[in-house]
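**Student:** I am attaching a structure below and will ask some questions about it afterwards.
The values are calculated or read from the model by the stated rules, or taken from the named source; none is laboratory data. Everything numeric here is computed off the predicted structure, so don't read it as measured data. Here the Cβ positions follow ideal geometry from the backbone for every residue, glycine too, while neighbour counts run over all protein chains shown. The area values use the complete protein model at the heavy-atom level, side chains included, leaving out ligands, DNA and RNA. Shrake-Rupley method; radii C 1.70, N 1.55, O 1.52, S 1.80 Å.
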Amino acid sequence: MPVLKAQEKRDAFVPPAEASATADSPKLPDILNWHQLRKTALIEPQMQIDGLLHKGDKMLLGGGSKSFKTWTLLDLGICIATGREWLGRACKPAKVLYINFELKPFWIRHRINEIMKARKMDIADDSLQVWNLRSECYDWEVLQTAMEIDEVRPDVLIVDPVYKTYGQADENSAGDVGGLLNRMEQFAKGCGDASLIFGHHFSKGNQAAKESIDRVSGSGVWARDPDSLIIMTRHEEKDCFTVDCTLRNLPAPDPFVVRFDFPLFRVDGELLPGKLHDQTKKSEVYGDELFLAALTDEGIDERKWTTFMAEKVGCSERTASMKKVALLKSGKIKIHGISSSAKLYKIK
């Protein structure tokens, strides 16, 4: 390969202005000085999810394996399509396209039906659209072309799950992940600057020992790139999750707890967000033996069981109440007496 001299290099250089005029180069925004930027008419994007996401921004929903992420994203899509609240947050009504890479058509329809029945509602128009692509296509460039042909212009794109679109990309590579998220962003921009929401899984290991933004699997780009991170980590209470929000453009709300009450998550204001499930401990945090140990030979007034055990064992009153039913059913405790005089005893 010939070596160019300094003058030859300068002669071969194409100025940016000329380069931008070529057919293969995109037209980039102008460089603005501060006075130009200050005078530019800029409007804050509308809020898509109150306090969590603006239109045109990206949001990652992170959670462990089989932690109801798809149920959560489907419910979110329905709430946006109908302008309903999601986890206590108002949603701006918008046209939603749910890109389904994981479930077969029968099962995604089944889940949407279950959510709508639970919410006692239906969607009459095309505000919610589903694109079933499992085993069909995972290439963003191909999908972009198909979208342009069909002229679909959603306000919100929900991608579930994102790992299906990796191809040869490595989720641990900053370059690969950055490239993938850039392609997704261009896809959303081509839809008219749509909001982009996608699910991503946790890494292996004890999540309670990590900062919330470090729980998603792979490169740190997963946490740095999105404008909003919604991280759902298992709580020590069964079917409950602590929600941590990390936001680029908005003040982050305090962590809170949600409980999965099939098929919806509901905010549980009684549980402490810091009580995360610790995988290094026993799988059952509140085992039978804890309650039996707290139950003396004298027994306990049935009406006082819930508050007494919640304080003694350190669980919620709901857990204490459910444990009483389970212990009675298994025959480990018995009830003696009726009405206000009923007492609970251990079976020896």
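**Student:** For the chain, what's the radius of gyration and Dmax over Cα atoms, in angstrom?
**Tutor:** 26.5, 103
**Student:** Also, quick follow-up: Relative contact order of segment 38-178: what whole-number percent is it, with Cα pairs under 8 angstrom and at least 6 residues apart?
**Tutor:** Reported as a whole number, the value is 24 percent.
**Student:** Looking at the chain, send over the antiparallel percent of its DSSP beta bridges, to the nearest 5. Don't skip to the answer; put the middle values down first.
**Tutor:** Working: 27 of 52 bridges.
Around 50 percent antiparallel, to the nearest 5.
**Student:** Take the Cα pairs of segment 114-213, get the Kirkwood Rh, then feed it into Stokes-Einstein at 4 °C and 1.567 mPa s and tell me D in µm²/s.
**Tutor:** Working: Rh = 15.9 Å.
Taking Rh from Cα pairs, D becomes 82 µm²/s.
**Student:** Which of the trypsin sites (Lys or Arg not before Pro) found in segment 25-67 are loop residues per DSSP with 15 or fewer other Cβ atoms within 10 Å of their Cβ? Before the final figure, lay out each step's value.
**Tutor:** On the way: sites: K27, R38, K39, K55, K58, K66; in loops: K27, K55, K66.
Sites meeting the loop and neighbour criteria: K27, K66.
**Student:** When the Cα centres of segment 101-134 and segment 176-232 are compared, how far apart do they sit, in Å?
**Tutor:** The distance from the Cα centre of segment 101-134 to that of segment 176-232 comes to 24 Å.
**Student:** So what are the radius of gyration and Dmax for the Cα set of segment 48-90, in Å?
**Tutor:** 10.8, 29
**Student:** Additional query: So what's the projected area for segment 45-139, the Cα convex hull averaged over all directions, in nm²? Could the numbers behind the result be given before it?
**Tutor:** Working: hull surface 27.6 nm².
Mean shadow area of the hull around the Cα atoms is 6.9 nm².
**Student:** If you place +1 on the Cβ of every Lys and Arg and -1 on the Cβ of every Asp and Glu, how big does the dipole about the Cα centre of the chain come out, in debye to the nearest 20?
**Tutor:** On the way: 49 positive and 50 negative charges, 274 e Å.
So the magnitude is around 1320 debye.
**Student:** Follow-up. Could you sort the peptides 155-167, 199-211 by per-residue average Cβ neighbour count (10 Å cutoff), highest mean leading?
**Tutor:** 155-167, 199-211
**Student:** Please report the base-10 log of the normalised intensity I(q)/I(0) for segment 174-251, using a Debye sum with one equal scatterer per alpha carbon and no solvent, at each q in 0.14 (1/Å).
**Tutor:** -0.53
**Student:** What are the radius of gyration and Dmax of segment 156-288, computed over its Cα atoms and given in Å?
**Tutor:** 16.4, 56
**Student:** As a test of the definition: which semi-axes, in Å, follow for segment 246-348 when you take the square root of five times each eigenvalue of its alpha carbon gyration tensor? Largest first, please. All intermediate terms of the calculation are to be shown ahead of the outcome.
**Tutor:** Values: eigenvalues 228, 45, 30 Å².
The equivalent ellipsoid of segment 246-348 has semi-axes of 34, 15, 12 Å.
**Student:** Taking a probe of 1.4 Å, how large is the accessible area per residue of segment 225-269, in Å²? Let's see the in-between values first.
**Tutor:** On the way: 1880 Å² over 45 residues.
On a per-residue basis, 42 Å².
**Student:** How much accessible area per residue does segment 46-186 have, counting only protein heavy atoms and a probe of 1.4 Å, in square angstrom? It would help to have the intermediate numbers written out before the result.
**Tutor:** Working: 6510 Å² over 141 residues.
Accessible surface, normalised per residue, equals 46 Å².
**Student:** Quick one: what do you get for segment 160-203 if you divide its Cα Rg by 2.2 N^0.38 Å? Walk me through the numbers before you get to the answer.
**Tutor:** Working: Rg = 10.9 Å, N = 44, 2.2 N^0.38 = 9.3 Å.
In units of the 2.2 N^0.38 Å rule of thumb, it is 1.18.
**Student:** Another question, then. Relative contact order of the chain, please, whole-number percent, based on alpha carbon pairs below 8 angstrom and at least 6 residues apart. Let's see the in-between values first.
**Tutor:** Numbers: 540 pairs, mean separation 52.5, N = 348.
Averaging sequence separation for qualifying contacts and normalising by length gives 15 percent for the chain.
**Student:** I would also like to ask the following. Per the 1.4 Å probe, what fraction of the accessible area of the chain, in percent, lies on carbon and sulfur atoms? Provide the component values of the computation, followed by the final result.
**Tutor:** Numbers: 10410 of 19880 Å².
About 52 percent, which is the carbon plus sulfur part of the accessible surface.
**Student:** If you project the alpha carbons of segment 211-294 onto the principal axes, what extent comes out on each, in Å, largest first?
**Tutor:** Here the spans come out as 49, 26, 23 Å, largest first.
**Student:** Also: For V130, list long-range residues whose amide hydrogen, built 1.01 Å from N in the peptide plane, is under 5 Å from its own amide hydrogen.
**Tutor:** Close amide H contacts, sequence-distant or interchain: Y98.
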